[in-house]
Structures are given as C-alpha cells and as structure tokens.
Amino acid sequence: MTVLILTTGTHGDIAPFIGLGRRLKESGYDVAIATYEAFSEQVRAGGCEFRRLTGDPSRLGVAEQGRLKKPGPGDTLRTVRWLKDIARHVDELSGDLVAAARQGADILLCCGLTTFYGYHLAKALGIPSMGLALQPLHPTGEFPPPLGTPSLGRRGNHALGRLMFTTGLHPWRSSPRFCRELGVPALTTAQTLRQTARERWPVHYGFSPTVAPRPADWRPGIEVVGYWWPHEEPGWRPPRELADFLDAGPAPVRVGLGSGGDPRDREEISALLAAALRKAGVRGIVQSGWAGLHATGDDLLTIGEAPHHWLFPRTAAVVHHVGAGTTAAALRAGVPAVTLPTFGDAPFWARRLVALGASPGYVPLNQADPDRLARLIRAAVDQPRYRERSRGLATALAAEDGAARTVETVRRLLGG
C-alpha cells in the first residue's frame with residue numbers, strides 16, 4: 001500500500017517527514033513524498049519516491065521575516081502580508097497536490113501548509129488521511145498560537161487560536177474554491193476545523209511531550225507523539241578542514257541561522273556573530289546557511305552543510321534560530337542552546353528551552369548586540385546546570401519513538 005506525504009516548507013520543515021517516510025518504508029509500505037524539487041535528492045536518499053510540487057522554498061518569505069531590522073509598528077502588518085502571500089502560494093500548489101495524489105495513494109499524510117487541502121483531497125478520493133505538524137497549532141488556553149504572540153491568559157489564548165482559523169490566516173488554510181473543484185462540501189478554514197473536530201480526525205504533533213506537553217484542553221485524536229528524526233546518511237565524513245578544527249582545541253560553539261536571516265544582511269549579521277564569539281572568548285563554527293554567513297580568524301571556521309546529528313554533539317553550545325528541526329537536534333545532542341528567534345514558532349521554542357533549563361536565554365535577532373549575545377554564550381558554556389539539564393533531556397528523548405506511534409496509526413487507518 002502507498003503512503004503519500006504532502007509537505008512544504010524549508011529544509012528543517014521537510015527533513016522530519018523524510019525520516020518518518022523512511023520508517024514507514026521499513027514497516028513495509030511504499031512511500032512517496034510530494035514536495036519541492038529542491039528536496040528531491042534528500043527524498044530519494046531516504047528511500048522514498050519523489051513527487052514534485054511547484055515552488056522554491058527559499059522564496060517563501062522566510063528570509064524577509066528574518067531581516068536584521070529593528071522592531072516597529074509595521075511588524076504585525078508585515079506578518080499579515082506574509083501569511084496572505086503564503087495562502088496564495090498554497091492555492092498555486094493545489095493542482096500539483098491533486099496530480100501527486102492521482103499518481104497513486106492509499107492514505108494521505110497532510111503536513112504543513114498542505115494540511116487542510118490534503119484533508120479535502122483525501123475526502124474526494126475516498127481514502128483515509130491524518131494531519132502531521134511540527135508546531136502546536138490547535139487552539140488552547142495553555143499558550144497563544146506559536147506565532148510570536150505573548151500570552152493573553154487562558155481565555156485570550158484560546159480565542160486568539162480560534163481567530164486564526166476564522167480569519168483564514170492560519171497556516172492550515174482551507175479553500176472553498178478548491179473544495180468545489182474536488183466535488184466535496186465547500187468549507188472555510190474555520191468550518192474545516194469544526195468538521196475535523198467532530199470526526200476526531202487524527203493529528204500527530206512531531207515534537208516531544210517532554211519538551212512541550214500535550215495541552216489538556218485539546219480534543220481526542222490530537223496527540224503529541226515525539227520527534228520524527230531526520231534520515232541520517234550512513235558513513236558521512238567531515239571535510240578535512242572541519243575535522244582538523246575540531247581536533248585543534250576545546251569544543252567550539254556552533255552558530256547558524258539555517259533558513260533564517262537574509263542574504264541582504266549577511267555582512268552585518270556575520271560581523272555581529274563573529275564579534276560575540278570573540279567577546280565570549282570561545283572557538284566558533286559558523287554555518288553559512290541561506291543567509292550566506294561567514295567569519296574568519298584563528299578560532300573561527302565557516303562551513304556549509306554538516307549533519308546536525310554529527311556536528312552538534314561535538315560542540316560546547318549551539319546558537320541557532322529556533323526552528324523546530326534545529327531545536328530538536330540540539331536537544332537530542334544534549335548541548336545547551338542560545339537562541340536568536342526571528343518569527344513564527346521560534347519565540348515559542350525559545351521560551352520553552354529557557355523554561356526547561358536547556359538555555360540561559362534568548363535575544364530576538366533584530367535586537368541582538370555582541371555584548372548581550374556574548375554573555376549568554378558564556379553562561380551556556382560556563383554554567384554546568386545548562387549542560388546537565390540538556391543531557392537529561394537528551395536521555396528522555398532517546399526513550400521516545402514518535403515515528404513508531406505514527407506508523408501504528410497509519411496501520412490502523414489502513415485497516416492493518
């Protein structure tokens with residue numbers, strides 16, 4: 001039987017679903033992943049069939065949201081415009097989603113921006129489906145939607161979460177037009193939320209309940225199952241320059257923004273990060289990422305791609321943009337984090353890391369300065385409690401198996 005995973009986003013959004021696809025393959029299913037051409041090699045390396053969605057993940061507006069500019073009254077308006085641009089992008093993908101499903105599928109796993117589109121598509125095809133996500137997006141009173149919003153109290157948090165669905169600005173967006181084209185009831189985003197609740201449509205959140213426990217006010221059918229770890233290429237070897245740098249002194253601090261940051265700000269961000277590392281008096285590895293960051297010096301090394309599961313355990317601390325995937329990788333490695341949240345779910349994860357004792361603090365990227373960042377780095381490296389707590393969390397995560405729980409639900413939905 002064929003499992004089709006529909007997913008969009010940046011590398012950190014896609015990699016967990018490739019890892020889940022690999023586990024489904026190992027459980028005896030044929031697995032196809034519909035996503036952007038940019039990730040075709042990773043999909044195939046994970047042993048899954050690639051099905052193409054139109055688009056370029058580097059043009060989803062992530063960089064623009066991560067500009068190194070001071071906060072101002074226009075921030076909310078910019079975020080709303082970005083969400084509307086994302087909604088238009090999903091509309092443009094609708095034909096590709098249908099084409100991918102018609103190549104053959106017995107169940108749809110609906111992820112990211114495609115979630116409600118995939119739900120309606122499965123209805124039209126008469127096959128089962130389930131939702132998958134990396135961030136806690138259902139309304140709850142326990143915290144606000146993970147979009148950088150401060151807590152408004154239990155009632156306010158829940159109301160704001162529902163409002164996101166009502167306005168159609170939620171990442172899980174429905175389209176009555178798409179529904180009509182499929183021949184299923186034309187439901188808005190809010191109506192789709194209510195229908196999936198009545199049906200107890202299964203949704204799995206792929207993060208650890210140790211890191212963010214399941215809210216008690218979520219409906220039955222919504223589960224926090226644990227992380228889906230990315231597929232790891234066997235036998236990866238570091239470039240000689242990286243291996244030599246690691247061997248040449250104490251464990252360094254890794255710094256990177258992944259898909260965050262903006263190439264237009266690369267010089268200013270690079271200078272800020274390099275100055276912070278020097279002020280902290282630590283050796284540093286700077287990963288260039290989408291922004292093209294770089295740093296030079298006797299105790300600094302700039303590198304490109306290196307698997308997080310290999311690199312992070314060899315560091316003293318990790319400075320990152322708090323994407324869901326990078327956050328999980330640092331926790332799995334058992335190393336403390338200093339975070340530079342930009343937008344979206346990043347502030348949510350930054351606050352969780354502090355609350356868990358795995359981070360001495362965070363500073364929004366557009367408010368960062370070398371002195372403030374250096375103090376946080378030194379605290380992460382010097383104060384044993386952050387490393388001890390990080391190691392304890394890594395031990396807890398090692399005992400969880402989110403993929404196994406999702407595979408079991410897929411088996412049940414397919415009648416196995």
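The single condition from (1) in the same structural domain as residue 99 (by TED's automatic domain parsing); (2) surrounded by fewer than 21 Cβ atoms within 10 Å (Cβ to Cβ) that residue 245 fails is (1).
Restricting to the stretch 399-416, name every residue that is touching a residue at least 12 places away in the same chain (Cβ under 8 Å) and either part of a helix (DSSP H, G or I) or closer than 12 Å to residue 226 by Cα (or both). Talk me through it step by step, then tell me what you get.
Quick first cut of the stretch 399-416, residues touching a residue at least 12 places away in the same chain (Cβ under 8 Å) only: 400-407, 409-411, 413-414.
Within the stretch 399-416, 400, 401, 402, 403, 404, 405, 406, 407, 409, 410, 411, 413 meet the criteria.
Scanning the stretch 24-39 for residues that are surrounded by 21 or more Cβ atoms within 10 Å (Cβ to Cβ) and part of a helix (DSSP H, G or I) yields 24, 39.
Take the conditions (1) more than 30 Å from residue 286 (Cα to Cα); (2) assigned by TED's automatic domain parsing to the domain that holds residue 311; residue 205 misses just one of them, which is (2).
Condition first: in the same structural domain as residue 363 (by TED's automatic domain parsing) and closer than 30 Å to residue 170 by Cα. Can you find one or more residues in the stretch 293-305 that meet it? No.
Confirm whether residue 346 is surrounded by 16 or more Cβ atoms within 10 Å (Cβ to Cβ), modelled with pLDDT under 95, in contact with an Asp or Glu (Cβ under 8 Å, 6 or more places away or on another chain) and closer than 22 Å to residue 229 by Cα. So that I can check it myself, show each step before the final result.
Numbers: surrounded by 16 or more Cβ atoms within 10 Å (Cβ to Cβ): yes; modelled with pLDDT under 95: yes; in contact with an Asp or Glu (Cβ under 8 Å, 6 or more places away or on another chain): no; closer than 22 Å to residue 229 by Cα: yes.
Taking the combined requirement at face value, the residue does not satisfy it.
Look at (1) closer than 23 Å to residue 214 by Cβ; (2) among the β-branched types (Val, Ile, Thr); (3) assigned to a loop (DSSP other than H, G, I, E, B) and you find that residue 115 fails only one, number (3). In the stretch 87-106, the residues that are closer than 13 Å to residue 177 by Cβ reach residues that are in a helix (DSSP H, G or I) and of a type in the set (Val, Ile, Thr) with C-beta atoms within less than 8 angstrom, at least six apart or across chains, in these pairs: 90/114.
Counting only residues that are in a helix (DSSP H, G or I) and at pLDDT below 95, which one in the stretch 311-325 is nearest to residue 230 (Cα to Cα)? Explain how you work it out, then say what you get.
Residues of the stretch 311-325 in a helix (DSSP H, G or I): 311-314, 324-325.
Now restrict to residues that are at pLDDT below 95: 324-325.
Details: 324: 12, 325: 9 Å.
Among those that are in a helix (DSSP H, G or I) and at pLDDT below 95, it is 325.
Out of all the residues in the stretch 94-110, is one or more at pLDDT below 95, buried (at least 21 other Cβ atoms within 10 Å of the Cβ) and not in a helix (DSSP H, G or I)? No, the stretch 94-110 contains no residue that is at pLDDT below 95, buried (at least 21 other Cβ atoms within 10 Å of the Cβ) and not in a helix (DSSP H, G or I).
Condition check ((1) within 15 Å of residue 321 (Cβ to Cβ); (2) at pLDDT below 95) across all residues:
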residue: 332; (1), (2): no, no
residue: 342; (1), (2): yes, yes
residue: 350; (1), (2): yes, no
residue: 366; (1), (2): yes, yes
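Inspect all residues belonging to the stretch 270-281 and state whether any of them is of a type in the set (A, V, I, L, M, F, W, C), closer than 24 Å to residue 13 by Cα, touching a Gly at 6+ places or on another chain (Cβ under 9 Å) and surrounded by 16 or more Cβ atoms within 10 Å (Cβ to Cβ). Checking the stretch 270-281: not a single residue is of a type in the set (A, V, I, L, M, F, W, C), closer than 24 Å to residue 13 by Cα, touching a Gly at 6+ places or on another chain (Cβ under 9 Å) and surrounded by 16 or more Cβ atoms within 10 Å (Cβ to Cβ). Selection of the stretch 139-176 for residues being within 23 Å of residue 95 (Cα to Cα) and either in contact (Cβ under 8 Å) with a residue 60 or more places away in the chain or of a type in the set (Val, Ile, Thr) (or both) yields 168, 169, 171, 173, 175.
The number of residues in the stretch 326-369 being assigned to a loop (DSSP other than H, G, I, E, B) and among the charged types (D, E, K, R) comes to 2. Taking the stretch 2-14 as the range and being surrounded by fewer than 23 Cβ atoms within 10 Å (Cβ to Cβ) and at pLDDT 95 or above as the test, only 2 passes.
Only residues that are modelled with pLDDT of 60 or more and surrounded by fewer than 15 Cβ atoms within 10 Å (Cβ to Cβ): list them for the stretch 59-75, please. Please lay out each step first, then the result.
Here is the first cut: in the stretch 59-75, the ones modelled with pLDDT of 60 or more are 59-60.
Scanning the stretch 59-75 gives a single hit, 59.
For residue 275, the criteria (1) at pLDDT 95 or above; (2) not assigned by TED's automatic domain parsing to the domain that holds residue 386 hold in every case but one, which is (2).
Of all strands (runs of 3 or more DSSP E) completely enclosed by the stretch 189-281, which ones contain at least 1 residues that are over 21 Å from residue 362 (Cβ atoms) and touching a residue at least 60 places away in the same chain (Cβ under 8 Å)? So that I can check it myself, show each step before the final result.
Values: elements: 203-205, 222-224, 253-255.
Ranges flagged: 203-205, 222-224.
The values are calculated or read from the model by the stated rules, or taken from the named source; none is laboratory data. In this text the structure is predicted, and so the values were computed from the model without any measurement. Please note: Cβ atoms are built from the backbone with ideal geometry, for glycine as well, and neighbour counts cover all protein chains shown.
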